[in-house]
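One structure below.
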Amino acid sequence: MSYRRDNRASRASLFDNLDGIEEGGLRASSSYSRDIDEQENDKSISTLQDRVVFLKRLTGDIHEEVQSHNRMLDRMGNGMDSARGIMSGTMDRFKMVFEKKSSRRTCKLVAYFVLSFIIIYYLFRFLMYYMYG
């Protein structure tokens, strides 16, 4: 039994300073470490370069999208301007119609006719729904 203790003690003293081997504590030479650092830097640079290229493409796509939306908004603005012109012309015509008394009576008659037609339509629709289910 003492032989085992002596063997363990001598073994422990032999590897006492090299406990860091199991923990990765052994350090490589400085030139090897520089090569590894250089390779890691190259990988980081290439990754960063890929990201920059991706972001550049993304910003280009965003720029194109913004330009297309601006063109669409310009077309909508022009359409709205033309619609405003048409509406103002229509409002001017309505004003002229309502300024005359005889035209006012005609407009009232047309409005009553349209309103009575709508009421009759919905009344028949309602009756047909309940009669034929």
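The values are calculated or read from the model by the stated rules, or taken from the named source; none is laboratory data. Everything quoted here is computed from the prediction, not taken from an experiment. Note: areas computed on protein heavy atoms with side chains; ligands, DNA, RNA excluded. Shrake-Rupley method; radii C 1.70, N 1.55, O 1.52, S 1.80 Å.
Give just the number: which of (1) modelled with pLDDT under 95; (2) of a type in the set (A, V, I, L, M, F, W, C); (3) open to solvent by 80 Å² or more (accessible area, probe 1.4 Å) does Ile36 not satisfy?
Result: Ile36 passes all but (3).
This table checks each residue for (1) β-branched (Val, Ile, Thr); (2) outside any helix (DSSP H, G or I); (3) modelled with pLDDT of 90 or more; (4) open to solvent by less than 80 Å² (accessible area, probe 1.4 Å).
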{"position": "Lys56", "(1), (2), (3), (4)": "no, no, yes, no"}
{"position": "Glu65", "(1), (2), (3), (4)": "no, no, yes, no"}
{"position": "Gly79", "(1), (2), (3), (4)": "no, no, no, yes"}
{"position": "Ala83", "(1), (2), (3), (4)": "no, no, no, yes"}
{"position": "Gly89", "(1), (2), (3), (4)": "no, no, no, yes"}
{"position": "Lys95", "(1), (2), (3), (4)": "no, no, no, no"}
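Which condition number does Arg104 fail, the rest of (1) of a type outside the set (S, T, N, Q); (2) modelled with pLDDT under 85; (3) open to solvent by 100 Å² or more (accessible area, probe 1.4 Å) being met?
Against the list (1) of a type outside the set (S, T, N, Q); (2) modelled with pLDDT under 85; (3) open to solvent by 100 Å² or more (accessible area, probe 1.4 Å), Arg104 comes up short only on (3).
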